[in-house]
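Chemist: The following block contains the structure, expressed as structure tokens.
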Amino acid sequence: MKHTTLITSTFLLCTLAFIVPAHSQAFKKGSLLVGLTEGSTSSVYSVGENNNPVRNEPIHGVRDPLSLEYGITNHWGIGISMGTDIFNINPNSFYGTDGLPVTGVKSTTSELTLDASYHFYVSKRNDLSLTASVGSSSVSIKGNNGDSKYQYTANGGIMRFGIHARHYFCKRIGVIGMLT
């Protein structure tokens, strides 16, 4: 799934690079921005019973979002973003299962959001924007306790705020940094 998304995204990015005209600024009305990123993410993993956490620990993983944004004015943009966070969890550190045939647990979160961005600083090669997103999300936890495999899946909503910084080193290609 991840490879299919990466291949499709790369094809879309290359196609759009030749279709979308270059602008004299990094962002303005009519701009179409495509972001294909890879980075790190963190979360808090809790283990407990009856809503009483026995243990809360920060965990770290990888994130691979794809975003599309269209400039509706010289400062405002709307778009969509989709992504997956992947965490590998060591059950021994949470459940005290040393010596048991417990394998690692894989947890993934996925989301699809509608985004609104305000580009408060735009120059020829740089762009800073504030972003608000709302959409759907899901979490999936898969593991193996030695005797059987298990899976937990839940769906819900997501709302997030962030800041995006872009620097273009040529007309249509640049780098992006995001904090959400």
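The values are calculated or read from the model by the stated rules, or taken from the named source; none is laboratory data. Please read all numbers here as calculations on a predicted model, not as lab measurements. Here the Cβ positions follow ideal geometry from the backbone for every residue, glycine too, while neighbour counts run over all protein chains shown. Note: areas computed on protein heavy atoms with side chains; ligands, DNA, RNA excluded. Shrake-Rupley method; radii C 1.70, N 1.55, O 1.52, S 1.80 Å.
Chemist: Assess whether GLY30 counts as being at pLDDT 70 or above, on the phi > 0 side of the Ramachandran plot, small (Gly, Ala, Ser) and open to solvent by less than 90 Å² (accessible area, probe 1.4 Å). Before you say what the answer is, go through the steps one by one.
Modeler: Working: at pLDDT 70 or above: yes; on the phi > 0 side of the Ramachandran plot: yes; small (Gly, Ala, Ser): yes; open to solvent by less than 90 Å² (accessible area, probe 1.4 Å): yes.
So GLY30 passes the test.
Chemist: Test of understanding: among ILE7, ILE80, which residue is surrounded by 15 or more Cβ atoms within 10 Å (Cβ to Cβ) and either at pLDDT 80 or above or over 15 Å from THR108 (Cβ atoms) (or both)?
Modeler: On the way: ILE7 fails: surrounded by 15 or more Cβ atoms within 10 Å (Cβ to Cβ).
Step by step, each of ILE7, ILE80 is checked, and only ILE80 is surrounded by 15 or more Cβ atoms within 10 Å (Cβ to Cβ) and either at pLDDT 80 or above or over 15 Å from THR108 (Cβ atoms) (or both).
Chemist: Please enumerate the residues belonging to the range 58-67 that are touching an Asp or Glu at 6+ places or on another chain (Cβ under 9 Å) and not in a loop (DSSP other than H, G, I, E, B).
Modeler: Of everything in the range 58-67, those that are touching an Asp or Glu at 6+ places or on another chain (Cβ under 9 Å) and not in a loop (DSSP other than H, G, I, E, B) turn out to be GLY61, VAL62, ARG63, SER67.
Chemist: Now, a different point. Among the residues of the range 135-154, write down those that are farther than 30 Å from SER67 by Cα and in contact with a Ser or Thr (Cβ under 6 Å, 6 or more places away or on another chain).
Modeler: ASN144
Conditions (1) assigned to a strand (DSSP E or B); (2) closer than 16 Å to THR37 by Cα, marked per residue:
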residue	(1), (2)
SER137	yes, no
ILE141	yes, no
ARG160	yes, no
HIS167	yes, yes
LYS171	no, no
MET178	yes, yes
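Chemist: Another question, then. Specify which of the listed residues (THR153, THR180) is under 18 Å from the mean Cα position of the chain (by Cα), under 27 Å from ILE89 (Cα atoms), open to solvent by 40 Å² or more (accessible area, probe 1.4 Å) and free of Cβ contacts under 8 Å to residues at least 60 places away in the same chain.
Modeler: Selected residue: THR180, the only one of THR153, THR180 that is under 18 Å from the mean Cα position of the chain (by Cα), under 27 Å from ILE89 (Cα atoms), open to solvent by 40 Å² or more (accessible area, probe 1.4 Å) and free of Cβ contacts under 8 Å to residues at least 60 places away in the same chain.
Chemist: From the set of residues in the range 50-70 that are closer than 30 Å to GLY30 by Cα and among the aliphatic types (A, V, I, L, M), which is most open to solvent (accessible area, probe 1.4 Å)?
Modeler: LEU68
Chemist: Looking at the range 154-180, which of its residues are at pLDDT 90 or above and of a type in the set (Phe, Trp, Tyr)?
Modeler: Residue satisfying the conditions is PHE161 alone.
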